[in-house]
Every structure is written in C-alpha cells, then in structure tokens.
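Below: one structure, written as structure tokens.
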Amino acid sequence: MASQCQGIQPLLQADKRAKDKLEDAKKRKVKRLKQAKEEAMAETDQYKMQSDEQFRLKQSKLMGSQGDLASEIEEQTQGKIQELNRSYNQCMESVMKQLLSAVCDMKPEVHVNYRLKATS
C-alpha cells in the first residue's frame with residue numbers, strides 16, 4: 001500500500017502543477033484580453049478625436065464661407081437700400097410736383113364720349 005501511495009503522490013503533484021499552469025495560463029489570457037481591449041479603446045478614442053477634429057475643420061471652413069456669404073449679402077443689401085434712398089430723394093420733389101399739379105390744376109373740358117341730347 002505504501003508503494004501505491006508513493007506512486008499516487010507524484011501523480012497528484014503533477015496534476016496540481018498542471019492545474020496551476022492552467023490557472024496561470026488563464027490569468028495571462030485574461031490579462032492579455034484586458035490589455036488588448038484597453039489598446040483597442042485607446043485606438044478608437046484616438047480615431048474618434050481625429051475624425052472629430054477633421055469634422056470641426058470642415059465645419060469651420062463651411063461655416064466660415066457661409067459667414068462670408070452672409071456678410072457679402074448684407075453689404076449688397078445695404079448698398080441697394082442706399083441706392084434706393086438716393087433715388088427716392090432725387091425723384092421725390094418732381095413726383096410731388098406732378099401729383100399736386102394733376103390734383104390742383106383742373107381744366108374743365110367735356111369728355112369725348114359725352115353726347116348731347118337732342119332737344120325737339
């Protein structure tokens with residue numbers, strides 16, 4: 001019986017060492033997976049930051065050009081308003097004279113379609 005215990009003892013120790021090696025391998029695998037996950041997260045964060053920066057640059061270019069367009073349109077509008085005001089000031093007096101003369105200077109005349117009734 002003692003010889004059997006001596007034969008079993010090395011087997012049990014070998015089994016324990018194998019289990020320990022498996023545990024270590026599992027721990028290393030979990031550690032590698034965590035590290036790979038962290039690296040992947042870092043890469044995705046870096047890519048996200050780069051794409052956000054590119055988006056902001058494109059957006060600022062687009063919004064900048066739209067801002068330029070808005071200011072250009074505003075300048076054109078102000079120019080047209082000033083031109084209309086100048087034209088108004090130049091023509092206002094002559095138009096008022098024409099209007100007043102048409103209203104105030106009445107010339108009585110018979111309408112062309114007026115027919116005299118025949119008196120018998």
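The values are calculated or read from the model by the stated rules, or taken from the named source; none is laboratory data. Just so it is clear, the model here is predicted, and its values are computed rather than measured. For the accessible areas, the whole protein counts, side chains as well, though only heavy atoms, and no ligand, DNA or RNA atoms are used. Shrake-Rupley method; radii C 1.70, N 1.55, O 1.52, S 1.80 Å.
Figures for the structure shown
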item	result
Alpha carbon convex hull of the stretch 52-120, projected area averaged over orientations, nm²	10.4 nm²
Alpha-carbon centroids, the stretch 89-120 and the stretch 16-84: separation in whole Å	77 Å
Reach of residue 61 by Cα under 28 Å, taken over lysines that are not fewer than 8 positions away in the same chain	48
Accessible surface ranking that places the most exposed of 73, 81 first, with a 1.4 angstrom probe	73, 81
Apportionment of accessible area to carbon and sulfur, the chain, percent (1.4 Å)	58 percent
Accessible area (Å², per residue) of the chain, counting only protein heavy atoms and a probe of 1.4 Å	103 Å²
Angle in degrees between helix 2-104 and the longest Cα principal axis of the chain, rounded to the nearest 10	10 degrees
List 109, 23, ordered by accessible area with a 1.4 Å probe, largest first	109, 23
With DNA, RNA and ligands ignored, accessible area of residue 30 (1.4 Å probe; Å², nearest 10)	80 Å²
Distribution of pairwise C-alpha distances over the chain, 5 Å bins, in %	2, 7, 5, 6, 5, 5, 5, 5, 5, 4, 4, 4, 4, 4, 3, 3, 3, 3, 3, 3, 2, 2, 2, 2, 2, 2, 1, 1, 1, 1, 1, 0, 0, 0
Helix-only CD estimate at 222 nm, as mean residue ellipticity for the chain, using -39500 (n - 2.57) per DSSP H run (n ≥ 4)	-33000 deg cm²/dmol
